[in-house]
Each structure stands twice: as structure tokens, then as C-alpha cells.
Amino acid sequence: MQDSKTISGSIVHITDGAEADARAIVVEIEPVQSGSGTPSPDNVRPISGWESVTVADYAKNMVTEQTNDIQPCFIRAGTQVIASVKKISGDINCVFRYFRKDGTQIDYWELSFEQDGRFWRGVNIQEDVYFIKFDDRSTLTITDRQVRISGTGVITYDPTLAHVATTDLGRTVYGGTLDVVSGVLTVDRAIVDLGSLTWSVLSGSPYGNFSTTALAQLAKQDKTEPTYICSAYNEVAYNTASSTADNYIWLNNNKTLIVKDTSKSSMTAADFKTAMNGVQLVYELATPTTAQLTGQQIELLRDCFVWADAGDITVTYETELLDGRFHKIKVNDNSIIAPNNFELEREDVYTAEYTTCTGKLIADKIGWKYADTTMQWDTLPDDMLAILTGTTGAFTLKFTDSDGSHTENVIRLGVRNTATRFTDDFGNALWRNIELEVSFTNVH
Amino acid sequence: MSTNIDAQNALQIRERPMDVYISLQTGSTAKITNYTVTGNIKSDDKTLNRSNYPMRTLADLQDGGFLLDGSAVWYDSSVTPSENNGHLGVRGDIGETVTIAITADATLTAVTVATRGVSTITNGGTTYTATGNDVITINAISATLVFTPTDSTTRAEISYIIPGVVFNITNDTLISCTLALRSNLNVDDHSWEESEIEIKMYYPNDISSSLAYIQSDWPITYQAGYDSDLSDVRQFYLSEPIVQEAGTITIKGVDASHLLDAKNLPEQWLRVYPGNAHQTVYSKFINAITSAGITLKHQQSWSGTASGAARFAIAPEMSARDFVSGVMNYTLNHTRGATYYGIQFVDAGIPTVEHGDGTTFGNTWTINKSDCGDWREVYDQNIATIKSSDSEHNFNAVYGINTQYAKEIEKKDTVRAWQIIEFSYDGYYYQPVLLWYRTDSSGKVIESGLASSAGYISSTISNTPSEYKVKVNATQKYMLYAVPVTQNTNGTNAFANPNELAGVTVELEPFVYGAILDANGETVFNYPSLFKRSLRTGSFTWKGDPRMQPLDYIDINNDTGDGRGNITARVTEVELTHEAGGTSAKISWREWS
């Protein structure tokens, strides 16, 4: 049984994956409200949902060679980026644009430096970039787009786009979660057109003009936080309804939806209903619903970024197989169970050693190596013992240490077993008390 | 982590390997006359023959881009290639092979190529794995080299292709490097062996056939330390054929002092004024070194004003090495009061001449005895007497002229009055003496005389070490001689140790015949000063420091805290070893107080 981990965030960075399929990638679907500012009849901010969700995992630098379209990527703030375009014909001025996660443009560069038949420019990225795009100008034919990234030290450009999976939701979803792996869609928000509801005039209240109980059975209420958003009214919580403010919507203690819009005080309920046509309200359901969609296998890299176009995600994944302390090691790329208490010690490597007249050791430290060790197993299956006994002389040993995965060249000094072969309850051939003595040759 | 040599040496365990940089550059009689570059080429600034131009690092999108730390510059073909500006060399298109055909004016045994982003270099049917600096065997007048980039995202860049073999060795390829840096402070055998370097480097490509053609004396440079704190560059000269066996190349070299053996100094006439006696000897000392072909890297100046009556001495014919070591041996201990008159030459790859009061000589190292291994001490027998092996030549001789040893330099049969006679000769330390003579009709000399004593030399026009001009004031037949000086036999034949300890008698050949005195009346070549030389010598193993020179001073701290047992010594030999990333040294010393 493998260990697993769960990480959440807008971008999930996995560094100890088992290079196996993700166990779960749960995407939080949130409604998207366009525009800015406080919604009001004069500042209508339409609300949209999601009809599909795309999940991708990338190697460290999530940038690929680009087409003309907006392409997903992830470039962390602080990264230095060089964009270039190879000109085939026409005038210069190609524009490289880069965008936030919500699709708004952060900035753009005109690639104005010509060298070597290319136009290029390098800029420090100040804010996380989620999309990039090259614009063609009308007189320019451009091919061979590239964006490359330099770190401040080692160049880490890796164009690997590991996997992209898009799940069709089969409906428009305004809130909930989707486990892309299992295909389980949980919908916890719904949208309603306020013009479709039956409204009553609320007389004498300083906190509203019109009310409806149409959502009383459907909506979930939180008395401190609004669980709904509206395209034309400012949503407020139960305890923040105001006698002086105007143009807001709230759900009272009895889940009665109340609108305060003093400009419509003289309207009848029927006129108000008509006026509410097209006004959207997304509310949290008292009882979420679930649907089973088609699940997808997403193979994760050992070190990768995972993100979705919909919202924050929670990824549950198998951790590195080669954690020697708990799991497995690889001998010549063949996995076997890790030895008992497999914790390797590191020792400094000295050269130019001599001993002084007072017995002190003087030397140069040229690096470190893993100390020679004897690996012990209480029990090994027949096939794994064959891997050990099949080693001759030098071989590679792959394992995970406290600072990551390591592949070391080792020399087999001896292998021992007590020839106590037995068969377990399931008919598997097992061996007991195995020991393998190895010497590590790599110096770091 | 400090990368300062002193800071690292202060640690019991140095925290990182010392960086070692070694370079050997050989030449070739054949010259490459034409480079023809083909393939998909991005740039070629026609400087493939320039091994001293560094490759510019360009803001280039190959191989994952470039660092934005200022190390990369924009491509600019208008920048003139130079040592300072660097050059573009030949750069292929990304992922494309580059082909360069070379033609020489004679058979090329080998060329050395410097590359970046190249995986293999092919010459005909032979493919070499590129390491960045590779020797390619040619054995033809022309060759076509194909450079394959590392991968499809990399640009093959060729900095230079030059005749001969160039090795730039670093820790990446160095197996071991051993330096024996030598001087000598023995009393009776004061000459020293040349310093040596032996390098073993890893080089998997078999180039043994190219190495076989390499002649001696190509320069080898050595430098070690840490990138921010490197030793002075030492220069050695290839002394033995380079050998390649089982992927290991062995290179051996010696320092420039080996040239002293080949330079023979004829018998010399030393004319020294007491006022600048030491300075004059220092000048002749430097002259002997430089005339052997050694270029001094450091030369301490020393000037003085001639005064007093000139004193003379004869230095017998000897090698420049014997002259240099003799001057050092008989001056290094020479003190009068607080004044020190030592003269020294140390090569060990950094030819240096110095003089002075003892504090100006090289470095002074403080070493704790508790940091030393393999501690050994040896005490010679006490020197009770120093005597000459030649009873006619005592040490304290004064000069005289003995015409029977006159050497004919040039015969002038028809010298007119007031004619200027110019002559030159190797034995420039001889005093020129003009003899006149008359002959009868059969050529028999019927009258002769010493021109100077007869007043025939009216003046000396110039008096440089290698040329004299004299003028005679009467028409005569003359013979021009150089007349060596000899000495009378006053003075003593031996010196006794004033400490009167029992010991041995050391017999020495006189270094020069005749006494050269300074303004204090002291002999410049001071034999009794040898008694001051300690009989205590020793050796120990230490961490090693690439800056340490022979004849440096070492204060060896005995760690008692009260100074007891401390030793002040001078280094007679440093055997410095870099091997497997480590550095250590065996240091031989002679006590020097």
C-alpha cells in the first residue's frame, strides 16, 4: 500500500509524486462574475458558470511552444522570461501578451529587438502568469514562437506538458466540486433568474421593499456570510442588512429573500417581478446534488505543477515509491521492498590525509558519500530476492533520502540468506533474513 | 564557506578541494593557411586562428536560453575581435553540424580545437568525444573536421583550431600534479636541482601518436588556490616526451633555472668599488641569470654609488648555476650589525631575485608543529674549519696582474695614432690591456711594452661589460690582450669556527680569487659567514600552500606557549602534491636564525 498526500491550492506543486495516476483531483468550481465594483441596477455584473473543467500537470516550467491562440501556462512571479518570434516576412512588431488566471491581461511586450532573424525581449515576470499569447500583425507572417525561461542560476526550461484532461460537465455548474479522477460532480450552488420568482411587497421595513420565500427550501443560509451572489444587487449577510443603505439583497432568518431597492418602492409586486427579469442570483444549495461523470486517469509526474482552469484544486496523489524508510528501493531499476530501517548515513570523503605528531587528522574534504552499509530484510518474495542475487559487481541503487531521490552506484560486497524459504498463506514464495552488504562509490 | 587560502588552511579539515589550473601550449612548424567553413552557419568572424581570444557569451536562445546576469551580450558583428572584446568564432545554426576544412603549409601532426556545445568531432573516419578542448590527430597537410552539436537545441560553437597541442587542465581532468620546488642551503654543495612538475591527466581519446612529435621546452603554466584567491602563475617547461597510457597523459616539466646549466660563464674579471660593492655583485648576479635566457618575473632593485678604490677579483670559469648559487651561498648569511647583505634567486616557476635585510625575501609562514606530520630533524656535524683545497688560492687574496696569463684577444698590426680600436669578447670581465710591439722585417718582435704603463692608452672611451674602446696616441704595432688578474699569497688559508666546537673541516674551492671589499672593509663573498649556517635541518608534512616558495621563512611554533622550542627556518624544498582533489606538501627546511 502506498502512502498518499493531499495538497490544495490554486496551483499545486508536487515534488514527491510516485509517477502514478492521481488518486483524486478535486476541482472547486466557483461562479465567475464579470465586471468590477459593487453590483447594482446601474452596475450589472453578469454571472457565469462552468460547462467543462480542464486539469493539466506540467513539469517545472509550464510553458510550451505557442500557437496563435491563448495558451495555458504557468510562470511564477520573479521568473525571467525571454520571448522570441522568428520573422518570415512583413514588418516587425509582434506582441507577446500574458494573462492572469482570470483571463485579464497583465501586460504585453512588443518584441522589438532584432537579432539573428528573430525578435525577442526579456522581462522579469512580476505576477504569476497563467496564459500567454502572440498577436500577429496584419503584415507579419510569423512562425516558430518560443518562450523560454531562465532562472537566476541554473536554466530550468522544460517544455514538458505532461497531461491535459478536460471533463465535460454536461451542464452549467455555478458551484461545487468535481473529482476529475472519479468523475464525481458535486453541485452545491444553483442559479435563478429573479424574474422567475413570485415576489411580495414588503411594507414598512427599512431593510427591504420586496421579498420572496421561493428559495426557502432550496437555499442554504449562513448568518454571518452571504451564500449567494447577485448580478444586480450587493449581497449582504443576515446581520448586515441596513436601514440606510440601498440596492442590496439578503436572506433573512426564515430564508426569505429580500431586496432593498428604494428606486422601485412604488412598484407593485408584479411590476417588480417583471423588472427582475434577467437579474441572476447564484445561491448555495441547502442540499448539494451529485452526478457521476466519466472519470479520467491523470498521470502525475514526480515533480510537477497541477492546476485547473476552474478554481482551486485539491490533489490526492501517491507519494514517491522509493522512500527507502517506508517503501521501496530500486536495484538496477527493479523495485523491491526497502530494507528494514533503511536509513543511510552520509560520511565525508577526505583526501591528502596525514596524521600530525599529536595524532590529529589533517585532510581536505572533497565531498561526501553514503557510508557502506548492510541492508537487511526480514522477508523478501522470491522474485525480489532474485533481483538481489542477480546483481553482479557494481549496480545502481535508487532510493529516496531526506533531500530527494538518489541513484547511486554501489558495489555488492556480499549477499546472504538463511535459506529459509517458505510459502505464505496466499501461496507466495518468501525468503527470510536476507542481508546485502554494499559499498557506495559515488562522491558528491 | 570562505574560499580564501589562508582561511581554508586555518581549518583542520579544508572544506573544499583546491582548484588547480594547468595549461600546456605547444606549437607547430606547420601553419594553417586556410579555414573553409561550411554547413548551416550563423556566424563566422574569421578568427579561428586566435586561441587567445575568449568566446563571447551571447544572448542566445539555444539550449534553454541564457542567464540575465550580465554575462551574456547581444550579438554585434561590428565589435572588433580582440583579447579584450572576445570573438564570435564559428557558430552553427541550432542543432546543425558545422564542417571546417583546414589546409596547412606543411604536414600537421595535430591540431587543438576549443568548442562549446559540441558532442563529437570527426576527422575522416575517426570520431573524438568532445570535451571542450581537444587534440585531433591530423598527420596530413589538410583535414576536414565535422562538429556535431550536443543535441537538437544546441548550437555548435568553435572558438579556435590551432596547430599543436594545447591542454587546459582543471580538477575535472586532473589525476595528480606534483611539484618539487627547490633551492639549497647546504654549506659545501650549494648548487640546487631545478624545480619540477609532473602532471597526470585523464584523457580518454588516444592521441599518443600526436604527442610523440612534441618537442621539449613548451611552456607549462600552473596556478592553484581558490577562484577568488589563486597563487601566482608558475611557469615550467616541458622536459620529457609526453606519454599517454591507458587514458592517462603524463606531462613533466622543469623550471627556467635549468637554463643556468647550459650557460657557461668564462673566467671573469670583477672590478668592484667598495661604495657599491654589494650592488655591483647583485648586478652581475642578475646578469648571469638573464644572460642564461631566464626572464625574471620579480626583480628587486638595488643601487649604490661607486666610491673608494676599485678592488678586483677573478671568478673562474663556471656555469651560471654555480655562479648564482655561489653568490647566494656566500652572501645569504652575511650581516654586519643590523645590515643584511643577502642576495638570492628563486625560480620554482616564478623567477625572482631579491636582496635586503631578510624581511624582503618572499613570505613568512607561521606553522604550528602540532599541524605537521612525519616530523624529522637531522643535525649535521659541526663545521669547525673551512679551508681551501688549493693552497695557492687563499680566500683573502688581493688582486695583482700577471701578464703571463694574458689572453690574446685581437691583434692589431696597423694601428695608427689616435685610432679608436673597438673590440668585444665574451670574457667581458677581463681587464683590457694594450701591449705594443715592434717587429723586424722577418716579423720577429724586437721591442714590446705594456701600452698602459707606457702611456699609450690616453683614455677609455666606454666601458660596458661586453665592449671596450681604447685609443692609442702613437702609431705602433699593437697586440690587444685581456689580462687576467691573479692574487698574491697573503692572508690565511683557512677560517676556523669562532665557536671552536669540535667538528669537521669543510674544504671549499674559492668562489673567486681576490677579495672584494665593501665600504666597511668586509668581503662581499664572506666565507666565515658559513659558520652562521645552522646544522639543524628537517622535514615535515603539511597541508600545503601553492604560494609557498623555496627560501621562504617559516616560524615553526612548538605550541608550548612560551616560545620554547620554536624554530625559525627557511624552506629548502617544497614537494606539493594535488591528488584526488586533495592537496598536501612535504616541506624540507634548514634552521635560520
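The values are calculated or read from the model by the stated rules, or taken from the named source; none is laboratory data. Since this is a predicted model, take the numbers as computed values, not measurements. Glycine gets a Cβ as well: all are built from the backbone with ideal geometry, and neighbour counts include every protein chain shown. The area values use the complete protein model at the heavy-atom level, side chains included, leaving out ligands, DNA and RNA. Shrake-Rupley method; radii C 1.70, N 1.55, O 1.52, S 1.80 Å.
Being within 24 Å of residue A:39 (Cβ to Cβ) and open to solvent by less than 70 Å² (accessible area, probe 1.4 Å) is the filter here; which residues of the stretch A:274-304 pass it?
Within the stretch A:274-304, the subset within 24 Å of residue A:39 (Cβ to Cβ) is A:274-286.
Those that are within 24 Å of residue A:39 (Cβ to Cβ) and open to solvent by less than 70 Å² (accessible area, probe 1.4 Å): A:275, A:276, A:278, A:279, A:280, A:281, A:282, A:283, A:284, A:285, A:286.
Residue-level check: of (1) open to solvent by less than 10 Å² (accessible area, probe 1.4 Å); (2) in a loop (DSSP other than H, G, I, E, B), residue B:308 misses just (1). When only residues in the stretch B:25-43 that are outside any strand (DSSP E or B) and at pLDDT below 90 count, which is surrounded by the most Cβ atoms within 10 Å (Cβ to Cβ)? Filtering first and then ranking leaves B:26. Applying the condition of being open to solvent by less than 30 Å² (accessible area, probe 1.4 Å) and outside any strand (DSSP E or B) to the stretch B:1-19 and asking which residue is nearest to residue B:140 (Cα to Cα) yields B:18. For the stretch B:285-316, the tally of residues that are touching a residue at least 60 places away in the same chain (Cβ under 8 Å) and closer than 23 Å to residue B:511 by Cα stands at 10. For residue B:22, the conditions (1) away from chain A (no Cβ under 14 Å); (2) open to solvent by 50 Å² or more (accessible area, probe 1.4 Å); (3) not basic (Lys, Arg) are fulfilled apart from (2). For the stretch B:67-80, the candidate set comprises residues that are out of contact with any Gly (no Cβ under 9 Å at 6 or more places or on another chain) and under 27 Å from residue B:38 (Cβ atoms); within that set, the residue that is modelled with the highest pLDDT is B:80. The single condition from (1) outside any helix (DSSP H, G or I); (2) open to solvent by 60 Å² or more (accessible area, probe 1.4 Å) that residue B:322 fails is (1).
Report, by residue number, each residue of the stretch B:204-227 that is open to solvent by less than 10 Å² (accessible area, probe 1.4 Å) and not polar (S, T, N, Q). Step through it out loud before you land on a result.
To start, the set of residues in the stretch B:204-227 that are open to solvent by less than 10 Å² (accessible area, probe 1.4 Å) comprises B:207, B:210-211, B:220, B:222, B:224-226.
Within the stretch B:204-227, B:207, B:211, B:220, B:222, B:224, B:225, B:226 meet the criteria.
Among the residues of the stretch A:216-232, none is identified as modelled with pLDDT of 90 or more, in contact with a Lys or Arg (Cβ under 7 Å, 6 or more places away or on another chain) and not small (Gly, Ala, Ser).
Entry remark, the stretch A:345-361: residues being more than 8 Å from chain B (Cβ to nearest Cβ) and small (Gly, Ala, Ser) number 1 in total.
Picking from residues in the stretch B:556-593 that are among the hydroxyl-bearing types (Ser, Thr, Tyr) and either in contact (Cβ under 8 Å) with a residue 12 or more places away in the chain or in contact with a Cys (Cβ under 9 Å, 6 or more places away or on another chain) (or both), the one that is nearest to the other protein chains (Cβ to nearest Cβ) is B:584.
The selection criterion, being modelled with pLDDT of 90 or more and either of a type in the set (Lys, Arg) or open to solvent by 20 Å² or more (accessible area, probe 1.4 Å) (or both), holds for residue A:235. Checked against (1) farther than 30 Å from residue B:104 by Cβ; (2) assigned to a strand (DSSP E or B), residue B:157 passes all but a single condition, namely (1). Taken as a whole, the structure leaves residue B:193 outside the set of residues that are open to solvent by 10 Å² or more (accessible area, probe 1.4 Å) and touching a Pro at 6+ places or on another chain (Cβ under 7 Å).
Need a quick list: strands (runs of 3 or more DSSP E) entirely within the stretch A:190-291 having at least 2 residues that are over 34 Å from the mean Cα position of the chain (by Cα).
Where strands (runs of 3 or more DSSP E) fall fully within the stretch A:190-291 and carry at least 2 residues being over 34 Å from the mean Cα position of the chain (by Cα), they are A:210-212, A:248-251, A:257-260.
Would you kindly identify the strands (runs of 3 or more DSSP E) lying entirely within the stretch B:201-301 that contain at least 1 residues that are aliphatic (A, V, I, L, M) and more than 22 Å from the chain's Cα centre (by Cα)?
Details: elements: B:219-226, B:234-238, B:243-245, B:248-254, B:268-272.
The qualifying strands (runs of 3 or more DSSP E) are B:243-245, B:248-254, B:268-272.
Of all residues in the stretch B:340-362, those that are over 29 Å from residue B:252 (Cβ atoms) and either at pLDDT 90 or above or not in a loop (DSSP other than H, G, I, E, B) (or both) total 5.
Taken over the stretch B:228-272, the criterion of being at pLDDT 90 or above, aromatic (Phe, Trp, Tyr) and open to solvent by less than 50 Å² (accessible area, probe 1.4 Å) is satisfied by B:236 alone. Here residue B:57 passes the criteria (1) modelled with pLDDT of 85 or more; (2) within 14 Å of another protein chain (Cβ to nearest Cβ) except the one numbered (1).
For the stretch B:168-181, the set of residues classified as touching a Pro at 6+ places or on another chain (Cβ under 8 Å) and open to solvent by 40 Å² or more (accessible area, probe 1.4 Å) consists of B:171 only.
Tell me the residue from A:306, A:259, A:282, A:236 that is β-branched (Val, Ile, Thr) and over 22 Å from residue A:44 (Cβ atoms), please. Exactly one of A:306, A:259, A:282, A:236 is β-branched (Val, Ile, Thr) and over 22 Å from residue A:44 (Cβ atoms), namely A:306. Given the criterion under 40 Å from the mean Cα position of the chain (by Cα) and either under 30 Å from residue B:10 (Cβ atoms) or not in a loop (DSSP other than H, G, I, E, B) (or both), identify the matching residue among A:383, A:364. Just a single option satisfies the conditions, and that option is A:383. Please indicate, with yes or no, whether at least one residue in the stretch A:367-388 is open to solvent by 50 Å² or more (accessible area, probe 1.4 Å) and among the basic types (Lys, Arg). No: the stretch A:367-388 contains no residue that is open to solvent by 50 Å² or more (accessible area, probe 1.4 Å) and among the basic types (Lys, Arg).
Taking the criterion of being surrounded by fewer than 19 Cβ atoms within 10 Å (Cβ to Cβ) and on the phi > 0 side of the Ramachandran plot, would at least one residue in the stretch A:252-259 satisfy it? Looking through the stretch A:252-259, at least one residue is surrounded by fewer than 19 Cβ atoms within 10 Å (Cβ to Cβ) and on the phi > 0 side of the Ramachandran plot.
Taken together, the residues in the stretch B:530-580 that are open to solvent by 30 Å² or more (accessible area, probe 1.4 Å) and on the phi > 0 side of the Ramachandran plot amount to 5.
Tallying residues that are free of Cβ contacts under 8 Å to residues at least 12 places away in the same chain and either of a type in the set (D, E, K, R) or exposed (fewer than 13 other Cβ atoms within 10 Å of the Cβ) (or both) within the stretch A:342-366 yields 5.
Is at least one residue of the stretch B:168-183 in contact with a Lys or Arg (Cβ under 8 Å, 6 or more places away or on another chain) and in a loop (DSSP other than H, G, I, E, B)? No, the conditions are met nowhere in the stretch B:168-183. Select from the stretch B:507-553 the residues that are within 14 Å of chain A (Cβ to nearest Cβ) and acidic (Asp, Glu) and list them in ascending order. Passing the criteria: only B:545.
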